[in-house]
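**Q** If you scroll down you'll find the structure; I have some questions about it.
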């Protein structure tokens with residue numbers, strides 16, 4: 001193919017992507033009576049108990065909100081309900097062939113790592129598994145608009161950082177982070193995005209998607225000895241901070257402080273995507289780190305303060321976390337952010 005033909009094909013693809021973004025219903029005007037906390041009861045995944053075969057707590061999103069309600073800082077009527085991402089929305093990043101592959105229950109079972117799902121009719125898999133994920137994708141995309149308007153937003157779900165345009169894995173079916181950023185580029189006049197990925201696992205999905213995009217700077221702080229061991233994707237991390245198994249709270253927070261200082265010197269973002277996985281929690285069987293619940297609250301506070309002091313809009317995604325205690329830890333951290341006036345939960 002000639003360079004001219006290749007350039008024309010690239011331009012056509014960019015134009016189609018832009019058209020899909022501009023015609024999407026995922027961005028809508030949220031009234032001031034709502035706080036920029038995004039959640040739907042559709043987020044939680046439950047089908048005949050099969051979901052319990054994966055260590056991920058697929059009901060944690062609803063439990064986070066129940067804890068916040070119990071603490072008295074959240075009223076369900078003030079929470080933002082997202083719109084489910086459609087096929088056209090997903091095609092902004094994903095290929096037709098990848099989305100078609102999800103019509104196979106076997107393929108979905110491998111991505112979410114629950115083998116019995118392969119035996120279920122795909123219509124049931126779409127309803128019980130993929131619909132909740134698509135709803136969370138809508139939440140992540142909408143979060144960017146809310147953050148631009150109000151300074152911050154939290155999607156109680158999302159953070160599927162192992163999924164790229166052509167490949168899912170690690171319980172991540174759709175590339176919500178990549179989708180969110182592309183929507184922000186087109187709709188929000190944003191041009192420089194920093195991803196701060198503090199999940200215990202490497203964010204290989206968004207790293208592959210933005211491998212040659214200088215508009216995106218990736219700070220990834222992860223345990224290098226666990227899944228996904230994606231050495232190709234590691235080449236595309238702009239600031240890589242490795243925290244080995246057994247790392248405790250004080251050492252972790254010191255490394256984070258230094259990483260944020262270095263990141264600020266290297267890149268000047270006008271938007272931050274914060275992937276706030278709680279699989280760094282002490283006792284998490286997959287993260288293998290030893291960070292205390294108070295340490296997670298301090299970590300989140302540091303990131304929000306970093307954004308607030310520089311007037312950079314920020315979205316937070318809850319991402320990984322493989323213990324039942326994660327939901328309470330996330331809720332407590334959000335309460336701490338509110339108490340420190342880093343977020344305002346009042347409508």
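**Q** Among residues belonging to the range 287-310 that are touching a residue at least 60 places away in the same chain (Cβ under 8 Å), in a loop (DSSP other than H, G, I, E, B) and over 18 Å from the mean Cα position of the chain (by Cα), point out the one that is surrounded by the fewest Cβ atoms within 10 Å (Cβ to Cβ).
**A** It comes out as 288.
**Q** Need the failing condition index for residue 108 against (1) buried (at least 21 other Cβ atoms within 10 Å of the Cβ); (2) modelled with pLDDT under 95, just the number.
**A** (2)
**Q** Can we say residue 130 is surrounded by fewer than 24 Cβ atoms within 10 Å (Cβ to Cβ), closer than 30 Å to residue 192 by Cβ, in contact (Cβ under 8 Å) with a residue 24 or more places away in the chain and under 17 Å from the mean Cα position of the chain (by Cα)?
**A** In short, no.
**Q** Would you point out the residue of the range 311-337, among those that are touching a strand residue (DSSP E or B) at 6+ places or on another chain (Cβ under 8 Å) and in a loop (DSSP other than H, G, I, E, B), that is surrounded by the fewest Cβ atoms within 10 Å (Cβ to Cβ)?
**A** Checking each candidate, the answer is 325.
**Q** If residue 137 passes every condition in (1) within 24 Å of residue 213 (Cα to Cα); (2) without any contact (Cβ under 8 Å) to a residue 60 or more places away in the chain; (3) more than 16 Å from the chain's Cα centre (by Cα) but one, which one does it miss?
**A** (3)
**Q** Sort through 314, 281 and tell me the only one that's under 19 Å from the mean Cα position of the chain (by Cα) and either at pLDDT below 95 or under 17 Å from residue 150 (Cβ atoms) (or both).
**A** From the options 314, 281, the qualifying one is 314.
**Q** Another question, if that's okay. Tell me, which residue of the range 142-160 that is part of a helix (DSSP H, G or I) and in contact with a strand residue (DSSP E or B) (Cβ under 9 Å, 6 or more places away or on another chain) is surrounded by the most Cβ atoms within 10 Å (Cβ to Cβ)?
**A** 143
**Q** For residue 283, indicate whether it is surrounded by 23 or more Cβ atoms within 10 Å (Cβ to Cβ) and in a loop (DSSP other than H, G, I, E, B).
**A** In short, no.
**Q** Turning to a different aspect of this structure: Scan the helices (runs of 4 or more DSSP H) fully inside the range 161-259 and keep the ones with 2 or more residues being touching a residue at least 40 places away in the same chain (Cβ under 8 Å) and surrounded by 20 or more Cβ atoms within 10 Å (Cβ to Cβ).
**A** Answer list for the range 161-259: 176-187, 204-209.
The values are calculated or read from the model by the stated rules, or taken from the named source; none is laboratory data. Model, not experiment: these values are computed from the prediction. Because the Cβ atoms are built from the backbone with ideal geometry, glycine has one as well, and the counts that use them run over all protein chains shown.
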